[in-house]
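Quick notes on the structure that follows.
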């Protein structure tokens, strides 16, 4: 019976814009995330071109990894981490994104982080761009809509590849690149919000701009991968997709076809380009119906063919259903996914439907389609953790969620999937990307930071800390 491989990369995931803080320290510039206010489940966060006095911008301090990295990496090592997924803050290296030379203080910070990880034999998994496009590039080019951003990105890539070539093996180009297929992706991933001021859920949707921006990201990703393969053969290069697993709401063929259409556009399109090296034919009709024309330059298709990934990674939090029936109004909430509520599933406090079996289904579909090593680099439960008077968090609900998902990963391995690792999201509490709040906590480690900006940032081990420590120690054999 197949089990998790001996070199399985157990660990946890974070992102610089939600975790690092020190937003203007040692020469760092402002990113899109630094222009996002706090929000909540019922009140969306806002994007403001100018900083408003008296308004909380939670990414500015986040949970302050910048000043706690030694303590936090020691906690990860105590749990037994083999892998530490993190991102590099582009604006810490190139403050506006347009400088000719990198910021040495920013480069030196990540040297210290990687050296600390090496001290504990923890493998870094680095996302090059994780929802933190330099705001200077938003103002100058309307984010990724401007083709000029590709060259600025490559200057950043060349700087970090050269600097960390002996410290980082595993790289991901863009976090949840397929979020650009959805309206909110204009804020999170593409930065195509020049001049916009208001709630992120009210960003005017311009599909032509979104998909042109995605094309530029595909080229940037492919060029980065091509550079790695040519100059740094020790690197392993991956993508990162937000996998929004979808089922037909009924067995009505119209629902099945609608589900197939949504799966193609949302889940398969971006990774088909990154794994296969070309645009899939099914997108031709979609572009025609939406009035989208992708502007390509000579050589673009060759760049895509030359820059395909070595392994495939994705986030998985929930699933949803799709229907062609306009009378069905039970809409599903959660992580950009949309769709219709599945009557067979329960949901989290934030309306995200919990579907462990969907993870097994997703892993099998991915393996059958691409035959590439797979890694689940985000998965977790956002919940309102209660801190007891003696400094404990009894998060049995989180243990239950993760236990069931890991069990389904084990089933997928038995099904024949080549699964190389698992880094659940927000292994330590971070600012929520979707709502900009601290109340929605994911971590094994509780951070005393609250939605009004207060808190001493001290770290406390939750019950799930010790549970996950045992899972890693046993290499998941209990599943």
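Data for the structure
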{"read-out": "Filtered residues of segment 116-146 (kept if out of contact with any helix residue (DSSP H, G or I) (no Cβ under 7 Å at 6 or more places or on another chain) and not in a loop (DSSP other than H, G, I, E, B))", "value": "118, 119, 123, 125, 126, 127, 136, 138, 139, 140"}
{"read-out": "Breaking point among (1) more than 19 Å from the chain's Cα centre (by Cα); (2) crowded, with 17+ Cβ neighbours inside 10 Å; (3) in contact (Cβ under 8 Å) with a residue 40 or more places away in the chain, for residue 91", "value": "(1)"}
{"read-out": "Identity of the residue in segment 274-289, outside any helix (DSSP H, G or I) and within 26 Å of the chain's Cα centre (by Cα), that ends up nearest to residue 209 (Cα to Cα)", "value": "279"}
{"read-out": "In segment 40-51, the residues that are in a loop (DSSP other than H, G, I, E, B) and either touching a helix residue (DSSP H, G or I) at 6+ places or on another chain (Cβ under 8 Å) or loosely packed, with under 13 Cβ neighbours inside 10 Å (or both)", "value": "42, 44, 45, 48, 49, 50, 51"}
{"read-out": "Criterion (surrounded by fewer than 23 Cβ atoms within 10 Å (Cβ to Cβ) and under 30 Å from residue 469 (Cβ atoms)) met by exactly one of 85, 5", "value": "5"}
{"read-out": "Lone qualifier among 292, 309 - being part of a loop (DSSP other than H, G, I, E, B), within 24 Å of residue 205 (Cα to Cα) and in contact (Cβ under 8 Å) with a residue 12 or more places away in the chain", "value": "292"}
{"read-out": "Every residue from segment 464-479 that is free of Cβ contacts under 8 Å to residues at least 40 places away in the same chain and either more than 21 Å from residue 399 (Cα to Cα) or touching a helix residue (DSSP H, G or I) at 6+ places or on another chain (Cβ under 8 Å) (or both)", "value": "478"}
{"read-out": "Condition check for residue 199: modelled with pLDDT under 95 and in contact with a strand residue (DSSP E or B) (Cβ under 6 Å, 6 or more places away or on another chain)", "value": "yes"}
{"read-out": "Which numbered condition residue 169 fails, given (1) within 20 Å of the chain's Cα centre (by Cα); (2) surrounded by fewer than 23 Cβ atoms within 10 Å (Cβ to Cβ); (3) at pLDDT below 95", "value": "(3)"}
{"read-out": "Conditions (1) in a loop (DSSP other than H, G, I, E, B); (2) under 30 Å from residue 54 (Cα atoms); (3) out of contact with any helix residue (DSSP H, G or I) (no Cβ under 6 Å at 6 or more places or on another chain); number of the one not met by residue 431", "value": "(3)"}
{"read-out": "Complete set of residues in segment 285-311 that are in contact with a strand residue (DSSP E or B) (Cβ under 8 Å, 6 or more places away or on another chain) and either surrounded by fewer than 21 Cβ atoms within 10 Å (Cβ to Cβ) or under 26 Å from residue 257 (Cα atoms) (or both)", "value": "310, 311"}
{"read-out": "Segment 26-39, subset closer than 21 Å to residue 382 by Cβ and touching a strand residue (DSSP E or B) at 6+ places or on another chain (Cβ under 8 Å), residue surrounded by the most Cβ atoms within 10 Å (Cβ to Cβ)", "value": "36"}
{"read-out": "Candidates 123, 132, filtered to the one that is crowded, with 24+ Cβ neighbours inside 10 Å and in contact with a strand residue (DSSP E or B) (Cβ under 9 Å, 6 or more places away or on another chain)", "value": "132"}
{"read-out": "Some residue of segment 99-115 being without any contact (Cβ under 8 Å) to a residue 40 or more places away in the chain, part of a helix (DSSP H, G or I), more than 30 Å from residue 8 (Cα to Cα) and out of contact with any strand residue (DSSP E or B) (no Cβ under 9 Å at 6 or more places or on another chain)", "value": "yes"}
{"read-out": "Filtered residues of segment 73-87 (kept if on the phi < 0 side of the Ramachandran plot, in contact (Cβ under 8 Å) with a residue 60 or more places away in the chain and in contact with a helix residue (DSSP H, G or I) (Cβ under 6 Å, 6 or more places away or on another chain))", "value": "79, 84, 87"}
{"read-out": "Residue check for residue 461: surrounded by 16 or more Cβ atoms within 10 Å (Cβ to Cβ) and in contact with a helix residue (DSSP H, G or I) (Cβ under 8 Å, 6 or more places away or on another chain)", "value": "yes"}
{"read-out": "Strands (runs of 3 or more DSSP E) enclosed by segment 314-428 - at least 1 residues per element that are surrounded by 19 or more Cβ atoms within 10 Å (Cβ to Cβ), without any contact (Cβ under 8 Å) to a residue 40 or more places away in the chain and over 19 Å from the mean Cα position of the chain (by Cα)", "value": "none"}
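Per-residue answers, yes or no, for (1) touching a strand residue (DSSP E or B) at 6+ places or on another chain (Cβ under 7 Å); (2) modelled with pLDDT of 95 or more:
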{"site": "350", "(1), (2)": "no, no"}
{"site": "357", "(1), (2)": "no, yes"}
{"site": "366", "(1), (2)": "yes, yes"}
{"site": "369", "(1), (2)": "no, yes"}
{"site": "377", "(1), (2)": "yes, yes"}
{"site": "380", "(1), (2)": "yes, yes"}
{"site": "400", "(1), (2)": "no, yes"}
{"site": "403", "(1), (2)": "no, yes"}
{"site": "411", "(1), (2)": "no, yes"}
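The values are calculated or read from the model by the stated rules, or taken from the named source; none is laboratory data. All values reported here derive from a predicted model rather than from experimental measurement. Cβ: placed from backbone, ideal geometry, glycine included. Neighbour counts: every protein chain shown.
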